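A.B. asks: Have a look at the structure that comes next, please.
The values are calculated or read from the model by the stated rules, or taken from the named source; none is laboratory data. Since we're looking at a predicted model, the values are computed, not measured. Note that we place each Cβ from the backbone using ideal geometry, even for glycine, and neighbour counts take in every protein chain shown.
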Amino acid sequence: MKKIVSGILSAALLLSVGTSAFAATTYYESEPNNSMSTADPISINNGDVIVRGVLDPVEVDDFDYFKVTPTATKQAKLQITNLPGETIIIKIRNSSGEILDSTLKGGEILDFTFEKGRTYYIVIDGNYTEDYKPYNLSIN
Ligand SMILES: [Ca+2]
Ligand SMILES: [Ca+2]
């Protein structure tokens, strides 16, 4: 009986690992990434993406930049999924640094169309964040 239970458990574990592995590609930030020139490259060409990073209040003005150059035009929804009430915002800049779109706080969904071949910078900005804040950015 014990053997059967552990067999079921490991099958369930394998299933959940397998499902999440196929559901989204996960990227982790790499500091320093506080500017366009040091942005972490990510790809949105192969389905859903989760970006995991931290806004660190010890570091003055921690901005997290992620660089995207899609190979196909993609309509995407961007959202900070784990900190809905926080003043953590998502900004999208073009290659000249101009802000194309932005949310006002965590949890809001930003609908944005990334055009093929253009370079964009997705910026996570923790306005007034005083605590160490790990965030999950989902791009679907
Ligand atoms: Ca960071
Ligand atoms: Ca940073």
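A.B. asks: Considering only the stretch 117-131, how many residues are surrounded by 11 or more Cβ atoms within 10 Å (Cβ to Cβ) and either more than 9 Å from the chain's Cα centre (by Cα) or over 15 Å from ILE44 (Cα atoms) (or both)?
C.D. replies: Total satisfying the criteria: 10.
A.B. asks: Conditions first: (1) at pLDDT 95 or above; (2) buried (at least 17 other Cβ atoms within 10 Å of the Cβ). GLU86 passes all but one, so which condition is the exception?
C.D. replies: (1)
A.B. asks: Identify, from the list GLN79, GLN75, the residue that is away from ligand 1 (no atom under 15 Å from the Cβ), surrounded by 15 or more Cβ atoms within 10 Å (Cβ to Cβ) and outside any loop (DSSP other than H, G, I, E, B). Break it down into steps so the answer makes sense when it comes.
C.D. replies: Working: GLN75 fails: surrounded by 15 or more Cβ atoms within 10 Å (Cβ to Cβ).
Answer to the selection: GLN79.
A.B. asks: Output the number of the condition that GLU86 fails; it satisfies all remaining conditions of (1) under 19 Å from PRO32 (Cβ atoms); (2) within 15 Å of ligand 1 (Cβ to nearest atom).
C.D. replies: Going through the list (1) under 19 Å from PRO32 (Cβ atoms); (2) within 15 Å of ligand 1 (Cβ to nearest atom), GLU86 breaks only (1).
A.B. asks: If I filter the stretch 30-65 down to residues being assigned to a loop (DSSP other than H, G, I, E, B) and acidic (Asp, Glu), which single residue comes out as nearest to VAL123 (Cα to Cα)?
C.D. replies: By that ranking, first place goes to ASP62.
A.B. asks: Moving on to the next point. Within the stretch 58-67, track down each residue that is out of contact with any Ser or Thr (no Cβ under 7 Å at 6 or more places or on another chain), more than 7 Å from ligand 2 (Cβ to nearest atom) and at pLDDT 95 or above.
C.D. replies: Hit for the stretch 58-67 is PHE66, nothing else.
A.B. asks: Further question: Scan the stretch 46-59 for residues that are surrounded by fewer than 14 Cβ atoms within 10 Å (Cβ to Cβ) and more than 14 Å from the chain's Cα centre (by Cα) and jot them down. So that I can check it myself, show each step before the final result.
C.D. replies: First, the residues of the stretch 46-59 that are surrounded by fewer than 14 Cβ atoms within 10 Å (Cβ to Cβ): 46-47, 52, 58-59.
If the condition is that a residue be surrounded by fewer than 14 Cβ atoms within 10 Å (Cβ to Cβ) and more than 14 Å from the chain's Cα centre (by Cα), then ASN46, VAL58, GLU59 are the ones that fit.
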